[in-house]
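Accompanying notes for the structure given below.
The values are calculated or read from the model by the stated rules, or taken from the named source; none is laboratory data. Model, not experiment: these values are computed from the prediction. All Cβ positions, even for glycine, are placed from backbone atoms using ideal geometry, and neighbour counts span all protein chains on display. Heavy atoms of the whole protein, side chains included, go into the accessibility calculation; ligands, DNA and RNA do not. Shrake-Rupley method; radii C 1.70, N 1.55, O 1.52, S 1.80 Å.
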Amino acid sequence: MAFRRVSKHFQLPMAGAPLAGLLALGVSLFSIGCGEKNPQAGNPAAVDVEVVQVEQKDIPIYGEWIGTLDGLVNADVKAQVTGYLLKQAYVEGSLVKKGQLLFQIDPRPFEAALDQAKAQLAQAQAQLANAEATQLQAQLNVNKYAPLAAEQAASQQDLDNAVQTNVAAKATVLNSKAAIQAAEAAVKTAQINLDFTRLIAPIDGIAGQAQLQVGALVNTSSSAITTVSTVNPIKVFFTVSEQEYLAFNRLYPTEATRQSQEKRMPLELILADGTTYAKKGRVYFADRAVNQNTGAIELAALFPNPGNVLRPGQYGKVRGVVRTQENALLIPQAAVTEQQGSYQVAVVEQDGRVAMSSVQVGERTGTMWVIREGLKPGDRVVVEGQQNLRPGTKVQTKPFKSNVE
């Protein structure tokens with residue numbers, strides 16, 4: 001079977017075809033092949049951000065230290081005599097008054113001892129009365145024999161015997177008086193021991209948990225049965241470094257300047273839940289020595305505690321002004337981004353585009369961060385909306401509104 005090649009030639013447009021139609025056809029074909037592009041693709045929309053200006057002012061620089069709360073006075077209640085606890089007369093954790101009964105030790109053995117001491121005192125008093133009567137009779141005999149012996153109506157021997165008897169009677173009186181003093185001391189001791197069976201609150205304060213229960217045998221070597229603490233004001237212990245201590249005293253070298261600073265900038269107490277305690281405190285004392293192992297010195301502060309809300313054993317942070325930094329540059333902490341130990345902020349340039357600036361941060365004060373290097377007063381930094389910003393990004397700015405009052 002034979003095949004025949006068929007050739008088809010491309011036919012040019014006729015010479016009379018309009019040139020404008022050809023151009024239109026070419027543009028149309030080019031558009032179909034390449035597709036139409038967005039004429040605004042090279043000008044992306046500006047990103048909305050919130051900015052603040054770098055603020056410059058004098059600010060207080062705060063220090064924070066871990067604090068432990070304790071009672072202003074902590075009085076242990078311990079047994080002074082040996083006996084069995086009969087009852088507990090207070091509610092644990094309640095406010096007690098000085099002299100209030102907390103525990104009762106079985107008083108019966110001590111009541112018996114007191115009765116015995118009183119009986120011995122009465123016996124000594126009776127012996128004294130007999131001795132004084134005997135001595136009075138001996139004195140009368142001396143008075144009788146003295147003139148008779150002078151007139152030789154009685155012998156000298158009778159007078160000497162009367163005198164010796166009187167001397168012995170006086171000695172017996174003195175012994176009886178001494179016995180009375182001993183008996184009175186025994187009565188006092190027995191009374192004190194009986195009083196010691198009543199374990200009372202030594203101070204006004206909060207009574208702690210009972211460490212021994214009713215029926216327990218207690219004695220002078222027993223540990224504290226409970227503790228009463230004065231908690232208004234309450235004491236907070238905290239430690240500062242030796243350098244901080246020296247710097248503070250260098251700024252405020254006299255007692256008057258330190259007291260003035262404490263009045264202007266009192267201490268704050270930040271509780272475990274992050275809230276700041278409503279009452280302000282003051283420094284109470286500094287320990288006598290620096291701890292050689294830690295290089296720190298312990299301080300104590302006093303905070304008013306109406307209602308006894310704060311209790312010994314709580315933890316918190318003591319916050320106080322350590323110095324004032326002049327002309328500090330401040331921006332919100334939210335404007336600072338940390339990347340591998342370095343910090344940077346997004347700065348809005350005059351043309352509305354973003355430039356990333358590395359900064360050196362300093363202390364924090366509230367929600368603000370002190371900037372040591374990398375910014376100047378008046379710079380506008382992005383606080384909200386800086387995510388995914390790139391250098392050169394066009395931004396639409398509006399003022400940042402903080403939620404912190």
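Modelled label-to-label distance, residue 221 and residue 293, 7 Å Cα→beta-carbon offset: nm?
Here the answer is 2.9 nm between the modelled labels.
Compute the convex hull volume of the Cα atoms of segment 110-174, divide it by the residue count, and report the result per residue in Å³ as a whole number.
53 Å³
Semi-axes of the equivalent ellipsoid for segment 59-140, please: Cα gyration tensor eigenvalues, times 5, square-rooted, ordered largest first, whole Å.
Values: eigenvalues 646, 91, 18 Å².
Its equivalent ellipsoid spans semi-axes of 57, 21, 10 Å.
Regarding segment 254-389, what are the three Cα extents along the principal axes, ordered largest first, in Å?
In descending order, the Cα extents are 58, 35, 33 Å.
In whole Å, what three semi-axes, largest first, describe the equivalent ellipsoid of segment 262-308 built from its Cα gyration tensor (square root of 5 times each eigenvalue)? Show your work: numbers first, answer last.
On the way: eigenvalues 119, 37, 21 Å².
Over the Cα atoms of segment 262-308, the ellipsoid semi-axes are 24, 14, 10 Å.
Compute the relative contact order of the chain as a whole-number percentage, counting only Cα pairs closer than 8 Å that sit 6 or more residues apart in sequence.
Across the chain, relative contact order equals 27 percent.
Once phi is turned into ³J(HN,Hα) by the Karplus curve 6.51 cos²θ - 1.76 cosθ + 1.60 with θ = phi - 60°, what whole-Hz value does each residue of segment 74-84 show in order, with x for glycine and proline?
Here the 3J(HN,Hα) series is 10, 10, 7, 9, 10, 6, 9, 9, 9, x, 9 Hz.
For the chain, with the dipole built from +1 on Lys and Arg beta-carbon atoms and -1 on Asp and Glu ones, taken about the Cα centre, which of 297, 334, 252 lies farthest toward the positive end?
Positive-most Cα among the choices belongs to 334.
Sequence gap at least 6, Cα distance under 8 Å: using those rules, report the relative contact order of segment 72-140 to the nearest whole percent.
Taking the mean separation of contacting Cα pairs over the length of segment 72-140, I get 24 percent.
Quote the relative contact order of segment 260-405 in percent (integer), defining contacts as alpha-carbon pairs under 8 Å separated by 6+ residues.
Once divided by the residue count of segment 260-405, the mean separation gives 18 percent.
For residue 97, give me every one of the aspartates and glutamates with a C-alpha distance below 17 angstrom, ignoring sequence neighbours fewer than eight places off in its own chain.
76, 204
Kindly state, as a whole number, the per residue volume in cubic angstrom of the convex hull around the alpha carbon atoms of segment 78-117.
For segment 78-117, the hull spanned by Cα atoms encloses 90 Å³ per residue.
Roughly how big is the chain's charge dipole about its Cα centre, with Cβ charges of +1 (Lys, Arg) and -1 (Asp, Glu), in debye to the nearest 20?
That gives the chain a dipole magnitude of about 1840 debye.
Exceeding 20 Å between C-alpha atoms, which entries from my cross-link table qualify? They are 98/317; 57/263; 279/317; 57/376; 235/280; 279/401.
In this structure, 98/317; 57/263; 279/401 exceed 20 Å between Cα atoms.
Can you give the local net charge around residue 232? Use residues other than it whose beta-carbon is closer than 12 angstrom to its beta-carbon, Lys and Arg +1, Asp and Glu -1.
+2
Calculate, in nm to one decimal, what residue 213 and residue 285 gain on full extension: separation in residues at 0.36 nm each, minus their alpha carbon distance. Provide the component values of the computation, followed by the final result.
Details: separation 72, 0.36 × 72 = 25.92 nm, distance 3.76 nm.
Once the chain is fully extended between residue 213 and residue 285, it gains 22.2 nm.
Semi-axes, largest first, in whole Å: what does sqrt of 5 times each Cα gyration tensor eigenvalue give for the chain?
Taking √(5λ) for each Cα gyration eigenvalue gives 105, 28, 15 Å.
What length, rounded to one decimal in nm, is gained on full extension from residue 154 through to residue 372, with 0.36 nm per residue of separation minus their alpha-carbon distance?
Full-extension gain reported as 66.6 nm.
Based on alpha-carbon centroids, what's the gap between segment 92-135 and segment 210-235 in Å, whole number please?
26 Å
May I ask you to list the lysines whose Cα is less than 23 Å away from that of residue 170, ignoring any residue fewer than eight positions away on the same chain?
144
Which is the longest part of the chain that has none of the chymotrypsin sites (Phe, Trp or Tyr not before Pro) sitting in a DSSP loop with at most 10 other Cβ atoms within 10 Å? Before the final figure, lay out each step's value.
On the way: sites that count: 3, 10.
Maximal segment without exposed cleavage sites: 11-405.
For the chain, what is the mean residue ellipticity at 222 nm derived from helices alone (per DSSP H run of n ≥ 4: -39500 (n - 2.57); sum divided by total residues; nearest 500 deg cm²/dmol)?
-10500 deg cm²/dmol
Quick one: with all protein chains in place, what share of the accessible area of the chain is carbon or sulfur, to the nearest percent (1.4 Å probe)?
Heavy-atom surface of the chain belonging to carbon and sulfur, 1.4 Å probe: 52 percent.
Explain nothing, just the number: dipole magnitude of segment 296-386 about its Cα centre with +1 on each Lys and Arg Cβ and -1 on each Asp and Glu Cβ, in debye rounded to the nearest 20.
So the magnitude is around 360 debye.
For residue 398 and residue 339, what is the calculated FRET efficiency with R₀ set at 25 Å and r taken between the beta-carbons, to the nearest 0.05?
The formula returns an efficiency of 0.45 here.
Run the dipole for segment 137-232 about the Cα centre, Lys and Arg Cβ at +1, Asp and Glu Cβ at -1, nothing else charged, and hand back the magnitude in debye, nearest 20. Don't skip to the end; give the middle numbers.
Numbers: 5 positive and 6 negative charges, 36 e Å.
With Lys and Arg at +1 and Asp and Glu at -1, about 180 debye.
Under 17 Å from the 7 Å Cα→Cβ point of residue 84, by amide nitrogen: which residues of segment 192-233?
It comes to 197-198, 212-219, nothing else.
Where the centre of each part is set by its Cα atoms, how far does segment 310-343 sit from segment 376-405, in angstrom?
Rounded to whole Å, the Cα centres lie 22 Å apart.
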